[in-house]
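A.B. asks: A single structure is presented below for examination.
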Amino acid sequence: MNLKKYFVRALHRLQKGPGYTYKELLVWYCDNTNTHGPKRIIKEGPKKKFIWFFLTLLFASLVFWQWGILINTYLSYNVTSSLSIGFKTMKFPAVTVCNANPFKYSEVKHLLKELDRLIEAALERILQPTLGNSSESSSPPLDLHLWHQIPLVLIDEHDKDNPVILDIFESNLNVFAGGNQTSEGNQTSAGNETAVGNQTSEGNQTSVGNESACSHQGSDNCTYRNFTSAAQAVTEWYILQSTSILSKVPLQERIRMGYQAEDMILACLYGAEPCNYKNFTQIYHPDHGNCYIFNWGMDEEALNSSNPGAEFGLKLILDISQQDYIPYLSSAAGARLMLHQQKSFPFLKDQGIYAMAGTETSIGVLVDELERMGYPYSDCTMNGSDVPVKNLYSQYNTSYSIQACLRSCFQNHMIEICGCGHYMFPLPEGVNYCNNEDNPGWAYCYSSLRSSISDRQICIDSCKETCNDTQYKMTISMADWPSEASEDWIFHILSYERDMSTNVTLDRNGIIKLNIYFQEYNYRTISESAATTIVWLLSSLGGQFGFWMGGSVLCLIEFGEIIIDSLWITIINVISWCKGLKQKRAQARYPDAPPTVSELVEAHTNLGFQLEDTGVLPRDEALPPEPGTPPPNYDSLRVQPLDVLGPDSDAE
Amino acid sequence: AAAAPGKKITARIKRTLPVRGPQAPTLSELMRWYCLNTNTHGCRRIVVSRGRLRRFLWILLTLGAVGLILWQCAELLVNYYSASVSVTVQFQKLPFPAVTICNINPYKYSSMKDYLSELDKETKKALETFYGFSEGKSKVRRSVDEWNSTGSDFFEQIPLLKFEDFSKTATDLRSGQKRKIEGNVFHKDSSIVNSGDSNDIIGFQLCDANNSSECAIYTFSSGVNAIQEWYKLHYMNIMAQIPLETKEKLSYSADDLLLTCFFDGLSCDKRHFTRFHHPLHGNCYTFNSGENGTILSTSTGGSEYGLQVVLYIGEADYNPFLVTSTGAKIIVHDQNEYPFIEDIGTEIETAAATSIGMHFTRSRKLSKPYSDCTETGADIPVENLYNKSYSLQICLHSCFQKAMVDSCGCAQYAQPLPAGAEYCNYKKNPNWMYCYYRLHEKFVKEQLGCQQICKDACSFKEWALTTSIAQWPSTVSEDWMLRVLSWDKGQKINKKLNKTDLANLMVFYKDLNERFISENPANTLVILLSNFGGQLGLWMSCSVVCVIEIVEVFFIDSLSIVMRRQWQKAKKWWNNRKRDRAGKAPQAGDLERQGHDNPVCIDEDLPTFNTALRLPLPQDSPLPRTPPPNYSTLRLEAAFTEQLPDTLEVGQR
């Protein structure tokens, strides 16, 4: 019923035209709004009216301008950081310990025998180029098969344009004419320089013959990597060759060839409690062979440490048995260790530190955490699920990290371009590691990929850092260990425990003591919080509006109401105008049209309004005829006349 | 007909009240008008409330709210210049820093023989006489003879003394004479001297050359320090006289120092290094100094992709008195920064591989008015002697050097020369050492004012280093490594290298995360204004409009009312005087006055309207026929008239 009534009323309204004019509406609004300016406009005298009008306009525009700034600020998603420092019970970091040397030389000797003989002979040739032949005659003939894939050459750059290239074993001089020699910033300025280069050749994946021919004719297939130092060249060459050899060995075998936990970890003490090699999780790391992780938190809960100081940390005694190092592979001797978060993969090449043999290394740890807000505040990832790179390290069950992403990205590229995976990184399913037999050109492919800046940039762009970044800041100090006085008994006991022998099987060169403990202040957390929240935005908006105009949301609603009203008036006006057109046509027939109801109403109400609108002076003139009873002009009654008149007009 | 008197009165009022707006005749009326019509809450309550307690409470509350607003806004203003810190981590290709590498020993001892033989001889002799130490008997005996014959300059200049128990007597080490000590005694080693210690205290005496009674004695608890310090003074004297080109030749060349170099997986050589002559460390070599315009960058972290160098240290060629440790010193710095090797270098051990992992942090502070730091150093009255970008260190050193030139007349050897000055040596400035020590003492005690003048730099880059050491070369690889490196070193040196002559250094980025710590202004003007608005709105629902109202009412209107009153008083007085003179009472002025202070007229908010409406009433008929319509705008009036007696009393007084 109400609805019907409403519609009827609306219909009448449409027929009769507006009850108000725009001016009335505006004046009513100004008088009754809760914002502070408008009221003054209508209340003051003409000069002040103008000033107030101007002021109100100015304030309104100020409010809108500043609202714009505030919203912009909000949308820029700024953050503020807060820092907290102190000591609390924290998870002890996972500690990964490796030997700098990946395999026991005694175990891999049979695989590397040929290579070692080759390199020894090559070194012989390099160091004494004239006497080289005599030593070779005594030894069994060398297998030059490996050699021809990647020969070591001497590049004589006396003449800049035509460097002379001397293959160490072939002793015939090639004048290198043109071609793509990659001389990395190596253009000699002062002549007289002999560079040692190792040549990586891109084989055409056909035969060995092609390889040897490469240096003679296929200059377009060859690049020379230049080294200014023979030591570097030899090491790089050896690494390339040995990777190729070792990549063919199955994983189980490689683990067996590496250092075993019981041989490496001689003693372990965590806090006051003894631990042993069984508390360590074995992981195969391509760079360092078998690595052992303490407190990785994969199977059991991570250990907490609630006390600062060396007494309550992890104490380890390691044996790296330096005598069993592969001589050409790694020249630095020591243990490699790294502190990292639970369930994360240890990237020792990046974050690892060395511990020197014959010393006690004390590492005070400070956990430096950075907790960041994700999108849209910063471009970081919570768990790596939104990164477009397939994480190959997920096979270790480890969490996402930027290093894992970069390496996975590189490996994916490598597989795409070279057709095989690099030995240092994990493999996706169905792909094999590169080796010289199956992929003769892999070394060339790899080195070009490695030095390509654009490929690296692609990986950098596609990987995102993690939002929660934990760094372990270490204060490293060293002392000689064991001391000369205690050396004897320590070696005796450790040898006995390990080998059950009374002979001393250990020495200074192999033994390392490690203390890892929390410092007095063990954490420093930088956490981000949004500088601008929605609450902040609202209160700032409100503050601005209130400051300039004393307004609130209700004022906005009022304003909206007025707009709706004025729309309504417009509609009614348009309709009445259309009616007027019709009537004009009708006027041809009836020249003297009777006044419409709306006109009557207007005439009636106008009187009342004008008294208020135009202020004081008109009123003086308007009043006198009827001083006693002016028509009631209550606000609340304003709608009423329409209603009252409604039935009358209907009756008409 | 009724309109005529109304109009008349209006016109008269208009004439007498030139001010528009609240045409209140008195201040209290104005206040009342203000309270009733203002947009702020609270004021109105004061007027509207009935009962004294309630009114008093409302006055209290309103004043409290005003006080709170003022207090909070003051807080906001005071805290306007505060900064919030934000930490951003960006993973990106990072520029590799400049790495400056120096041998700890500045100059090859063998080539310095010509310059230092005298000094060394005397130092050895001093050692022998004091401590009975000698290297080779025959050599010493020969030199003893020389000693006597030459008569050493060095001991004349700065005598080494042995003190006995602080009894103010000392034995001159050369002549064996005892002498009384005058002057100040400075203790270099510690401020607490164990006088009861059986150890003799050794030191040297520096005297003002112009005034020999002015002497300062520097004592050391250990002869090791004393001899070194003494040697260094003479050494600086000698070095100050040698021109730079010669010194560069005397020091290590790039070929000498660098055996192998490997960067980002590629081989590099001495052309990637820039020579940089450091006064105390001789020739240093800076990798990636950016001198040729390109700065290398790394796009991969990890030890393989950083800088790897093998350094030749050449322990045999060390100066035995100047440096007592072996190795190299490195410093990681920005290309624009001056490497202060002596201050913040990291030492590298021989026969070891030192791996240095870097973590890059960039910080930026807000300059004035947020904090007292300087962006470029241009606003600091100390000339930057170093040809590098500003840092606190540079400022302090420059400041000291300037003070040195000003007070001693020559420049200290360890720092660059200011324009028009030259290095101190005691041929030209016999007094400089004394002067230098006094000045240094002052500098350390912050009496030179350098620490006050110099400010922090606003932005700085920092590479946090994690240093660890491994044995290198390993026992099994030692043999071939040394052979190949000897071959690398070239044909010049035919001997096989010793592993204690070598140091392996790896400098790499641990990760490519750049941590950028920056301060941002916590407040902007917009935020400040909205906070003001929030405060004003919370306590009083006030806005700028209210502030303008307050200004309007309390200043302009009140002033005009006061002025008007004064004017009318003056007028009245003038009229009275005139009347007294003329003996005739002017009626108009009185009438006007009455019209104003007439209670019927006064109580209106809008006087024009009300006077028009009301004034005719008392004239026409005492009883109004119809009550005036109850317009919403007039509703205030109702409360007003009821209040009338109270306020009127106040108003009339």
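A.B. asks: Kindly provide the set of residues from the range A:457-500 that are within 14 Å of another protein chain (Cβ to nearest Cβ) and out of contact with any strand residue (DSSP E or B) (no Cβ under 9 Å at 6 or more places or on another chain), ordered by number.
C.D. replies: Listed by number, the residues that qualify are A:Gln457, A:Ile458, A:Cys459, A:Asp461, A:Ser462.
A.B. asks: Here's a follow-up. Of all helices (runs of 4 or more DSSP H) completely enclosed by the range B:462-560, which ones contain at least 3 residues that are outside the structural domain of B:Met358 (by the TED database)?
C.D. replies: In the range B:462-560, the matching helices (runs of 4 or more DSSP H) lie at B:525-540, B:544-550.
A.B. asks: While we're on this one: Restricting the first residue to the range B:82-96 and requiring it to be at the interface with another protein chain (Cβ under 7 Å from one of its Cβ atoms) and under 14 Å from A:Asp461 (Cβ atoms), which pairs with a second residue that is among the acidic types (Asp, Glu) and surrounded by 19 or more Cβ atoms within 10 Å (Cβ to Cβ) meet a Cβ separation below 7 Å and a spacing of at least six or different chains?
C.D. replies: From residues that are at the interface with another protein chain (Cβ under 7 Å from one of its Cβ atoms) and under 14 Å from A:Asp461 (Cβ atoms), the pairs are B:Phe91/A:Glu465; B:Gln92/B:Glu514.
A.B. asks: Looking at (1) touching a His at 6+ places or on another chain (Cβ under 8 Å); (2) crowded, with 20+ Cβ neighbours inside 10 Å, which one does B:Ala464 not meet, given that it meets all the others?
C.D. replies: For B:Ala464, the exception is condition (2).
A.B. asks: While we're here: Check A:Tyr396, A:Tyr354, A:Tyr375 and return the single one that is aromatic (Phe, Trp, Tyr) and within 13 Å of chain B (Cβ to nearest Cβ).
C.D. replies: Of A:Tyr396, A:Tyr354, A:Tyr375, the one residue that is aromatic (Phe, Trp, Tyr) and within 13 Å of chain B (Cβ to nearest Cβ) is A:Tyr354.
A.B. asks: For the range B:423-436, enumerate the residues that are in contact (Cβ under 8 Å) with a residue 24 or more places away in the chain and open to solvent by 10 Å² or more (accessible area, probe 1.4 Å).
C.D. replies: Result: B:Tyr423, B:Asn425, B:Tyr426, B:Lys427, B:Pro430, B:Asn431, B:Tyr434, B:Cys435, B:Tyr436.
A.B. asks: Sticking with this structure for a sec: Of the residues B:Leu76, B:Leu61, which single one is away from chain A (no Cβ under 14 Å) and surrounded by 14 or more Cβ atoms within 10 Å (Cβ to Cβ)?
C.D. replies: B:Leu61
A.B. asks: For B:His278, only one of the following conditions fails: (1) in contact with a Cys (Cβ under 8 Å, 6 or more places away or on another chain); (2) more than 9 Å from chain A (Cβ to nearest Cβ); (3) buried (at least 23 other Cβ atoms within 10 Å of the Cβ). What is its number?
C.D. replies: (3)
A.B. asks: Here is a further query. Find the residue count for the range A:300-335, including only residues that are farther than 21 Å from A:Ile490 by Cβ, in contact with a strand residue (DSSP E or B) (Cβ under 8 Å, 6 or more places away or on another chain), more than 8 Å from chain B (Cβ to nearest Cβ) and not small (Gly, Ala, Ser).
C.D. replies: 5
A.B. asks: Another question, then. I'd like to check something: does the range B:488-500 contain any residue that is facing chain A (nearest Cβ under 8 Å) and of a type in the set (Lys, Arg)?
C.D. replies: Looking for residues that are facing chain A (nearest Cβ under 8 Å) and of a type in the set (Lys, Arg), one finds none in the range B:488-500, hence no.
A.B. asks: Moving on to the next point. Out of (1) within 14 Å of another protein chain (Cβ to nearest Cβ); (2) modelled with pLDDT of 85 or more; (3) open to solvent by 90 Å² or more (accessible area, probe 1.4 Å), the odd one out for A:Lys582 is which?
C.D. replies: (1)
A.B. asks: Restricting attention to the range B:301-316, which residues are in a strand (DSSP E or B) and either touching a His at 6+ places or on another chain (Cβ under 7 Å) or open to solvent by less than 30 Å² (accessible area, probe 1.4 Å) (or both)?
C.D. replies: Residues satisfying the conditions are B:Leu307, B:Val309, B:Val310, B:Leu311, B:Tyr312.
A.B. asks: Can you find, within the range A:94-144, the residue that is modelled with the lowest pLDDT among those that are open to solvent by 50 Å² or more (accessible area, probe 1.4 Å) and assigned to a loop (DSSP other than H, G, I, E, B)?
C.D. replies: The selected residue is A:Leu131.
A.B. asks: Looking only at the range A:391-438, filter to residues that are open to solvent by 30 Å² or more (accessible area, probe 1.4 Å) and of a type in the set (S, T, N, Q); which one of those is nearest to A:Lys248 (Cα to Cα)?
C.D. replies: A:Asn432
A.B. asks: Among the candidates A:Val249, A:Val234, single out the residue that is within 14 Å of chain B (Cβ to nearest Cβ), open to solvent by less than 60 Å² (accessible area, probe 1.4 Å) and modelled with pLDDT under 90.
C.D. replies: Matching residue, one of A:Val249, A:Val234: A:Val234.
A.B. asks: Checking the structure you have, find out if any residue of the range B:282-300 is in contact with a Cys (Cβ under 6 Å, 6 or more places away or on another chain), within 12 Å of chain A (Cβ to nearest Cβ) and either under 30 Å from A:Ile239 (Cα atoms) or surrounded by 20 or more Cβ atoms within 10 Å (Cβ to Cβ) (or both).
C.D. replies: Scanning the range B:282-300 turns up no residue that is in contact with a Cys (Cβ under 6 Å, 6 or more places away or on another chain), within 12 Å of chain A (Cβ to nearest Cβ) and either under 30 Å from A:Ile239 (Cα atoms) or surrounded by 20 or more Cβ atoms within 10 Å (Cβ to Cβ) (or both).
A.B. asks: Now, a different point. Among residues belonging to the range A:528-561 that are part of a loop (DSSP other than H, G, I, E, B) and β-branched (Val, Ile, Thr), point out the one that is surrounded by the fewest Cβ atoms within 10 Å (Cβ to Cβ).
C.D. replies: Per the criteria, the residue is A:Thr533.
A.B. asks: Let me ask something else. List every residue pair whose Cβ atoms lie under 9 Å apart, where the two residues are 6 or more positions apart in sequence or sit on different chains, the first residue falls within the range A:263-281 and is on the phi > 0 side of the Ramachandran plot and open to solvent by less than 40 Å² (accessible area, probe 1.4 Å), and the second residue, located anywhere, is among the charged types (D, E, K, R) and assigned to a helix (DSSP H, G or I).
C.D. replies: Going by the 9 Å Cβ cut-off, the qualifying pairs are A:Gly271/A:Glu311.
A.B. asks: Of (1) surrounded by fewer than 19 Cβ atoms within 10 Å (Cβ to Cβ); (2) of a type in the set (Lys, Arg); (3) within 40 Å of the chain's Cα centre (by Cα), A:Arg456 satisfies all except one. Which?
C.D. replies: Every condition holds for A:Arg456 apart from (1).
A.B. asks: Hey, any hits in the range A:401-418 for a residue that's under 25 Å from B:Ser86 (Cα atoms) and touching a residue at least 60 places away in the same chain (Cβ under 8 Å)?
C.D. replies: yes
A.B. asks: Got at least one residue in the range B:313-336 being closer than 20 Å to A:Ile353 by Cα and within 14 Å of another protein chain (Cβ to nearest Cβ)?
C.D. replies: So far as the range B:313-336 goes, no, none of its residues is closer than 20 Å to A:Ile353 by Cα and within 14 Å of another protein chain (Cβ to nearest Cβ).
A.B. asks: A further question on this structure: Return the residues of the range A:516-538 that are within 14 Å of chain B (Cβ to nearest Cβ) and not hydrophobic (A, V, I, L, M, F, W, C); say none if nothing qualifies.
C.D. replies: Selection gives A:Arg524, A:Thr525, A:Ser527, A:Glu528, A:Ser529, A:Thr532, A:Thr533.
A.B. asks: For the range A:470-491, what are the residues that are touching a Ser or Thr at 6+ places or on another chain (Cβ under 9 Å) and in contact (Cβ under 8 Å) with a residue 24 or more places away in the chain?
C.D. replies: Answer for the range A:470-491, where residues must be touching a Ser or Thr at 6+ places or on another chain (Cβ under 9 Å) and in contact (Cβ under 8 Å) with a residue 24 or more places away in the chain: A:Thr470, A:Lys473, A:Met474, A:Thr475, A:Ile476, A:Ser477, A:Met478, A:Ala479, A:Asp480, A:Trp481.
The values are calculated or read from the model by the stated rules, or taken from the named source; none is laboratory data. Values in this document were obtained by computation on a predicted structure and should not be read as measured data. Positions of Cβ are backbone-derived with ideal geometry, glycine not excepted, and every protein chain shown enters the neighbour counts. The area values use the complete protein model at the heavy-atom level, side chains included, leaving out ligands, DNA and RNA. Shrake-Rupley method; radii C 1.70, N 1.55, O 1.52, S 1.80 Å.
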